[in-house]
1. Name the pairs whose Cβ atoms lie under 8 Å apart, with the first residue in segment 105-130 and under 19 Å from Leu62 (Cα atoms) and of a type in the set (Ser, Thr, Tyr), the second open to solvent by less than 60 Å² (accessible area, probe 1.4 Å) and assigned to a loop (DSSP other than H, G, I, E, B), and 6 or more positions between them or separate chains?
2. Pull out all pairs, ordered by first then second residue, where Cβ-Cβ is under 7 Å, the residues are six or more apart or on different chains, the first lies in segment 210-229 and is part of a loop (DSSP other than H, G, I, E, B), and the second is surrounded by fewer than 19 Cβ atoms within 10 Å (Cβ to Cβ).
3. If you take the residues in segment 141-166 that are modelled with pLDDT of 90 or more and among the polar types (S, T, N, Q), which one is farthest from Asn123 (Cα to Cα)?
4. Could you list all residues from segment 150-168 that are in a helix (DSSP H, G or I) and surrounded by fewer than 16 Cβ atoms within 10 Å (Cβ to Cβ)?
5. Does segment 73-104 hold any residues that are over 24 Å from the mean Cα position of the chain (by Cα), open to solvent by 70 Å² or more (accessible area, probe 1.4 Å) and touching a residue at least 60 places away in the same chain (Cβ under 8 Å), and which are they?
6. Give me the residue from segment 11-29 that is among the small types (Gly, Ala, Ser) and within 12 Å of the chain's Cα centre (by Cα) and, out of that set, surrounded by the fewest Cβ atoms within 10 Å (Cβ to Cβ).
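The values are calculated or read from the model by the stated rules, or taken from the named source; none is laboratory data. Everything numeric in this text was worked out from a predicted model, so none of it was measured. Note that we place each Cβ from the backbone using ideal geometry, even for glycine, and neighbour counts take in every protein chain shown. Only protein heavy atoms, including side chains, enter the accessible area calculation; ligands, DNA and RNA are left aside. Shrake-Rupley method; radii C 1.70, N 1.55, O 1.52, S 1.80 Å.
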Amino acid sequence: MLGSLLGALESGLLYAFMALGVYITFRILDFPDLTVDGSFTTGAAIAAVLISHGYSPILASLSALVGGLIAGICTGLLHTKGKINGLMSGILMMIALYSINLRIMIKPNIALYGLDTLFISTNILLVTPIIVIVVVALLNRFLYSDLGLALRATGDNERMIRSLGANTDFTKIVGISLSNGLVALSGAFIAQQSAFADINSGIGMIVVGLASVIIGEAIFGARNVIHHTISVVLGSIVYRVVVALALRVEWLEASDMKLITAIIVIIALVLPSTRRVIKQKTMAQKRSAEILNLGKDQTAGGVK
């Protein structure tokens, strides 16, 4: 039990980078970017190929980050300069990345057993939290910079920020690029943790990222950007813990992972709105009772 929870904590921290990337497009830019499913594998593929050829795992991870940034730039250009719908831009890039990733890997999967990776001689639970804290701090610093504020304003009200002279095409490209860079970095870390990279490893990552974002918001709230990014990281950990606990149920198997993910996302989406409706109904009933009592008092006073 303890081992599975520690494993879930490790995975949650490593997938937190992907969740932060999804947060940028999903919450800040309000952009439905499906490139995530492809760029996650891109990061894993680049890192695995470089490590298998004897390169430093740090260099491999940074190269994966750059690969994700380039993938995001391509999606951003398709949307802003090619005038292609945001959803379609992500789908097209995701499809293209499948072939590109296969070209990078040459074969469907690459094993990293026995090779020098970031986590082969270090404890993941000691190293990863430090990396997460640094990345979250840098991301928050960026989001409070002039470019970061323009990026957030583009997501809130693109027409208004454009009327003030901001180049919204550029801010979109920056946001989508940064998002996929973080996703690819997560893919590189996961490949090194699991000691292999697979061409299908990115399938469903957008749903996992959304689940982490929504769970973090539902449980920990989001008063401001700093609080929001921390909530996303914690949401990633909670999601992995819930999945680990669910898989311990006798009639659930590892092959049910996607089903469990879908159920978790549905609950995370439905629960807040259900709570809101119940609260509104309770308030309405309370007000109705107060008005009814007030009417009875007035009637009794008139009779007297």
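1. Thr117/Ala195
2. Gly221/His227
3. Thr154
4. If we filter segment 150-168 for residues that are in a helix (DSSP H, G or I), which is where we start, we get 150-156, 158-163, 168.
Matches in segment 150-168: Asp156, Arg159, Met160, Arg162, Ser163.
5. Scanning segment 73-104 gives a single hit, Lys81.
6. Gly12
One line per residue, one yes/no per condition, for (1) under 30 Å from Ser231 (Cβ atoms); (2) among the β-branched types (Val, Ile, Thr); (3) open to solvent by less than 80 Å² (accessible area, probe 1.4 Å):
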| position | (1), (2), (3) |
| --- | --- |
| Phe31 | yes, no, yes |
| Asp37 | yes, no, yes |
| Phe40 | yes, no, yes |
| Gly43 | yes, no, yes |
| Tyr55 | no, no, no |
| Ala71 | yes, no, yes |
| Ile106 | no, yes, no |
| Thr117 | yes, yes, yes |
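Residue by residue, here is whether (1) surrounded by fewer than 18 Cβ atoms within 10 Å (Cβ to Cβ); (2) out of contact with any Ser or Thr (no Cβ under 8 Å at 6 or more places or on another chain); (3) of a type in the set (A, V, I, L, M, F, W, C); (4) over 25 Å from Leu118 (Cβ atoms) holds:
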site	(1), (2), (3), (4)
Ala191	no, no, yes, no
Ala197	no, no, yes, no
Ser201	no, no, no, no
Gly204	yes, no, no, no
Val207	yes, no, yes, yes
Glu217	no, no, no, yes
Phe220	yes, no, yes, yes
Ile226	yes, yes, yes, yes
